[in-house]
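Notes for the one structure printed next.
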Amino acid sequence: MTQPPSSHSTGPLSPQHGIPAQGGMPSPGAPAPYGGAPAPAKKRSKAPTILIVLGAVILALSVIAGIVITALGIGGIAGGLSELEEFDSGSGTISAEAGDSYQIFVEEGAASPTCTVDGPAVGKGTSQSSTISDGETSWVSVDSFTTEEAGEYTVNCSDGPIAVGPPVPVGGIFASIGGILLAIGGGTLGFLLLLIGVILVIVRKRKA
């Protein structure tokens, strides 16, 4: 008698039993074939650019602001110097407004003379000590007084020369010092940030 046809398939094995047929889909978990989409490029950090810009701004602003503040402070001191009246003989008269404050100056290194002030109403002076220079002579305060009423005031000292003028503005002194410190400190910080940013850019280019 004739045998019935066999039920076994002679075709390619299924994926779960062996290698997939040519042109078939890979089994789950198999690695992706070569030639896939490339990985996205890594973005470069903006830190060097930020440091360069920030450093340049701080450097410029610190130097400019420092120069302006220092100039204003020196201008205030120079304003007091312009009001200084010198008397070679040790005696002289000044015209004052009510409430003005004055100091009596002698040349730096000279002995302190005995001085008297005559006028409409002489008040107590300030305890502030001042030193001022006109470029040729340095003057140091030795006494002070206040003009409580407007009028003419006569200063008589036992020795000369002397100079009479308002106290050196404390605000001008602090402004000058603060302006210098701002220019130095802020300028240094800005320069360091700028330098670090430039170094980072150079290192990045060399690695590339």
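The values are calculated or read from the model by the stated rules, or taken from the named source; none is laboratory data. Note that the structure is predicted; figures quoted are calculated from it, not measured. All Cβ positions, even for glycine, are placed from backbone atoms using ideal geometry, and neighbour counts span all protein chains on display.
Those residues that are under 12 Å from I104 (Cα atoms) and of a type in the set (S, T, Y), I need them from region 128-141; list them, please.
Scanning region 128-141 gives S129, S130, T131, S141.
Filter region 107-129 down to the residues that are in a strand (DSSP E or B) and touching a Cys at 6+ places or on another chain (Cβ under 6 Å) and list them by number. Quick ask: steps written out before the conclusion?
First pass over region 107-129, keeping only residues in a strand (DSSP E or B): 107, 115-118, 122-124.
If the condition is that a residue be in a strand (DSSP E or B) and touching a Cys at 6+ places or on another chain (Cβ under 6 Å), then C115 is the only one that fits.
Looking at region 188-199, can you tell me whether even one residue there is touching a Pro at 6+ places or on another chain (Cβ under 7 Å) and under 30 Å from A60 (Cα atoms)?
Yes, region 188-199 contains a residue that is touching a Pro at 6+ places or on another chain (Cβ under 7 Å) and under 30 Å from A60 (Cα atoms).
Only one of these is within 30 Å of the chain's Cα centre (by Cα), on the phi < 0 side of the Ramachandran plot, assigned to a strand (DSSP E or B) and aliphatic (A, V, I, L, M): I132, I104. Name it.
Testing whether each residue is within 30 Å of the chain's Cα centre (by Cα), on the phi < 0 side of the Ramachandran plot, assigned to a strand (DSSP E or B) and aliphatic (A, V, I, L, M) leaves just I132.
So L182 passes all but one of these: (1) under 30 Å from E97 (Cβ atoms); (2) at pLDDT below 90; (3) crowded, with 19+ Cβ neighbours inside 10 Å. Which condition number does it fail?
(1)
When you scan region 125-158, how many residues do you find that are closer than 14 Å to S101 by Cβ and among the aromatic types (F, W, Y)?
Residues in region 125-158 being closer than 14 Å to S101 by Cβ and among the aromatic types (F, W, Y): 2 in total.
In this structure, does E136 turn out to be at pLDDT 90 or above and either in the same structural domain as I94 (by TED's automatic domain parsing) or within 17 Å of I94 (Cα to Cα) (or both)?
The answer is no for E136.
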